[in-house]
Amino acid sequence: KTARNWNFTLRMVLLRSIITMINKLAQEVHQNSKSKNFFDSERNLGEILCLIHSEISEALEADREDNYCSNNIDATLNLKENEDFKIEFEKEIKNTFEDELADVVIRALDLAGYKNIDLESHIKAKMRYNAMRKPKHGKKY
(Lines give C-alpha, C1' and ligand atoms only; values in the text may rest on other atoms or scores of the structure.)
Protein backbone atom coordinates (compact mmCIF):
# COMPACT_ATOMS: atom_id res chain seq x y z
CA LYS A 1 0.00 0.00 0.00
CA THR A 2 2.85 2.42 0.80
CA ALA A 3 4.49 1.81 -2.59
CA ARG A 4 1.17 2.43 -4.32
CA ASN A 5 0.67 5.70 -2.40
CA TRP A 6 4.23 6.79 -3.23
CA ASN A 7 3.70 5.92 -6.91
CA PHE A 8 0.44 7.90 -6.98
CA THR A 9 2.13 10.86 -5.26
CA LEU A 10 5.00 10.78 -7.75
CA ARG A 11 2.56 10.67 -10.67
CA MET A 12 0.64 13.63 -9.26
CA VAL A 13 3.84 15.67 -8.78
CA LEU A 14 4.88 14.96 -12.36
CA LEU A 15 1.41 15.77 -13.62
CA ARG A 16 1.39 19.08 -11.74
CA SER A 17 4.76 19.96 -13.30
CA ILE A 18 3.41 19.30 -16.77
CA ILE A 19 0.15 21.11 -16.14
CA THR A 20 1.89 24.23 -14.82
CA MET A 21 3.55 24.61 -18.22
CA ILE A 22 0.29 24.53 -20.16
CA ASN A 23 -0.79 28.17 -19.78
CA LYS A 24 2.70 29.34 -20.72
CA LEU A 25 2.73 27.04 -23.74
CA ALA A 26 -0.75 28.25 -24.75
CA GLN A 27 0.51 31.83 -24.75
CA GLU A 28 3.60 30.86 -26.78
CA VAL A 29 1.48 28.99 -29.33
CA HIS A 30 -0.94 31.91 -29.59
CA GLN A 31 1.85 34.45 -30.01
CA ASN A 32 3.27 32.33 -32.85
CA SER A 33 -0.18 32.23 -34.52
CA LYS A 34 -0.46 35.99 -34.19
CA SER A 35 3.01 36.44 -35.70
CA LYS A 36 1.85 34.36 -38.71
CA ASN A 37 -1.16 36.70 -39.16
CA PHE A 38 -3.82 34.18 -38.12
CA PHE A 39 -5.31 36.79 -35.78
CA ASP A 40 -5.17 39.97 -37.85
CA SER A 41 -8.89 40.36 -37.26
CA GLU A 42 -11.51 38.92 -34.93
CA ARG A 43 -11.74 35.13 -35.35
CA ASN A 44 -14.94 33.14 -35.54
CA LEU A 45 -15.08 30.58 -32.71
CA GLY A 46 -16.93 28.09 -34.90
CA GLU A 47 -14.16 28.27 -37.49
CA ILE A 48 -11.48 27.70 -34.85
CA LEU A 49 -13.34 24.69 -33.43
CA CYS A 50 -13.83 23.26 -36.93
CA LEU A 51 -10.10 23.58 -37.56
CA ILE A 52 -9.42 21.59 -34.38
CA HIS A 53 -11.90 18.99 -35.61
CA SER A 54 -10.21 18.88 -39.01
CA GLU A 55 -6.92 18.00 -37.32
CA ILE A 56 -8.67 15.18 -35.46
CA SER A 57 -10.01 13.92 -38.79
CA GLU A 58 -6.52 14.08 -40.28
CA ALA A 59 -5.22 12.02 -37.33
CA LEU A 60 -7.95 9.45 -38.00
CA GLU A 61 -6.91 9.24 -41.66
CA ALA A 62 -3.26 8.83 -40.70
CA ASP A 63 -4.25 5.94 -38.43
CA ARG A 64 -6.42 4.38 -41.13
CA GLU A 65 -3.42 4.50 -43.46
CA ASP A 66 -1.14 3.18 -40.68
CA ASN A 67 0.95 6.32 -41.09
CA TYR A 68 2.95 6.56 -37.88
CA CYS A 69 6.29 8.21 -37.24
CA SER A 70 8.96 5.56 -37.56
CA ASN A 71 12.05 7.65 -36.99
CA ASN A 72 13.72 8.85 -33.82
CA ILE A 73 12.04 12.21 -33.22
CA ASP A 74 14.84 13.29 -30.87
CA ALA A 75 17.41 12.81 -33.63
CA THR A 76 15.30 15.02 -35.91
CA LEU A 77 14.88 17.67 -33.20
CA ASN A 78 18.62 17.68 -32.58
CA LEU A 79 19.54 18.50 -36.18
CA LYS A 80 21.51 21.74 -36.04
CA GLU A 81 20.55 23.26 -39.39
CA ASN A 82 16.95 24.36 -39.93
CA GLU A 83 17.03 23.22 -43.56
CA ASP A 84 18.17 19.72 -42.50
CA PHE A 85 15.42 19.66 -39.88
CA LYS A 86 12.78 20.74 -42.41
CA ILE A 87 13.83 18.08 -44.93
CA GLU A 88 13.82 15.32 -42.30
CA PHE A 89 10.52 16.51 -40.80
CA GLU A 90 8.77 16.56 -44.16
CA LYS A 91 10.20 13.16 -45.08
CA GLU A 92 9.60 11.26 -41.83
CA ILE A 93 7.11 13.11 -39.61
CA LYS A 94 4.75 15.35 -41.59
CA ASN A 95 1.17 14.01 -41.88
CA THR A 96 1.81 11.10 -39.50
CA PHE A 97 -0.63 10.32 -36.71
CA GLU A 98 1.72 11.92 -34.19
CA ASP A 99 2.06 15.06 -36.32
CA GLU A 100 -1.70 15.44 -36.65
CA LEU A 101 -2.23 14.82 -32.93
CA ALA A 102 0.33 17.56 -32.24
CA ASP A 103 -1.73 19.84 -34.50
CA VAL A 104 -4.85 19.08 -32.42
CA VAL A 105 -3.05 20.10 -29.22
CA ILE A 106 -1.48 23.17 -30.83
CA ARG A 107 -4.82 24.42 -32.16
CA ALA A 108 -6.50 23.78 -28.77
CA LEU A 109 -3.71 25.64 -26.96
CA ASP A 110 -3.97 28.46 -29.48
CA LEU A 111 -7.69 28.77 -28.74
CA ALA A 112 -7.01 28.80 -25.00
CA GLY A 113 -4.41 31.53 -25.49
CA TYR A 114 -6.78 33.54 -27.70
CA LYS A 115 -9.62 33.31 -25.17
CA ASN A 116 -7.29 33.79 -22.16
CA ILE A 117 -8.52 30.55 -20.62
CA ASP A 118 -6.72 29.27 -17.54
CA LEU A 119 -6.41 25.83 -19.07
CA GLU A 120 -4.19 24.57 -16.23
CA SER A 121 -6.90 25.08 -13.63
CA HIS A 122 -9.61 23.67 -15.87
CA ILE A 123 -7.56 20.54 -16.57
CA LYS A 124 -6.88 20.05 -12.86
CA ALA A 125 -10.56 20.49 -12.02
CA LYS A 126 -11.69 18.15 -14.79
CA MET A 127 -9.17 15.46 -13.85
CA ARG A 128 -10.25 15.64 -10.22
CA TYR A 129 -13.90 15.38 -11.25
CA ASN A 130 -13.22 12.51 -13.67
CA ALA A 131 -11.37 10.58 -10.96
CA MET A 132 -14.63 10.43 -9.01
CA ARG A 133 -16.78 9.27 -11.92
CA LYS A 134 -18.00 5.76 -12.63
CA PRO A 135 -16.14 3.57 -15.15
CA LYS A 136 -16.86 4.85 -18.68
CA HIS A 137 -18.63 7.67 -16.84
CA GLY A 138 -21.64 5.40 -16.39
CA LYS A 139 -22.19 4.94 -20.12
CA LYS A 140 -21.93 1.99 -22.51
CA TYR A 141 -18.83 3.41 -24.27
Check off (1) in a loop (DSSP other than H, G, I, E, B); (2) within 15 Å of the chain's Cα centre (by Cα) for F39 and give me the number that stays unchecked.
-> (2)
Being farther than 23 Å from A59 by Cα and of a type in the set (K, R) is the filter; apply it to the stretch 85-135 and report the residue that is most open to solvent (accessible area, probe 1.4 Å).
-> R128
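Here's the yes/no breakdown for (1) touching an Asp or Glu at 6+ places or on another chain (Cβ under 8 Å); (2) more than 28 Å from L15 (Cα to Cα):
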site	(1), (2)
V29	yes, no
L45	no, yes
A59	yes, no
L77	no, no
L109	no, no
A112	no, no
S121	no, no
P135	no, no
Find the residue count for the stretch 89-111, including only residues that are over 15 Å from the mean Cα position of the chain (by Cα), closer than 23 Å to S33 by Cα and not in a loop (DSSP other than H, G, I, E, B).
-> 2
Can you name every residue in the stretch 58-75 that is at pLDDT 95 or above, surrounded by 11 or more Cβ atoms within 10 Å (Cβ to Cβ) and either part of a helix (DSSP H, G or I) or of a type in the set (K, R) (or both)?
-> E58, A59, L60, E61, A62, D63
Give the number of residues within the stretch 1-52 that are open to solvent by 80 Å² or more (accessible area, probe 1.4 Å), of a type in the set (F, W, Y) and under 17 Å from I117 (Cβ atoms).
-> 0
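The values are calculated or read from the model by the stated rules, or taken from the named source; none is laboratory data. Since we're looking at a predicted model, the values are computed, not measured. As a convention, Cβ positions derive from the backbone with ideal geometry for all residues, glycine included, and neighbour counts pool all protein chains shown. Note: areas computed on protein heavy atoms with side chains; ligands, DNA, RNA excluded. Shrake-Rupley method; radii C 1.70, N 1.55, O 1.52, S 1.80 Å.
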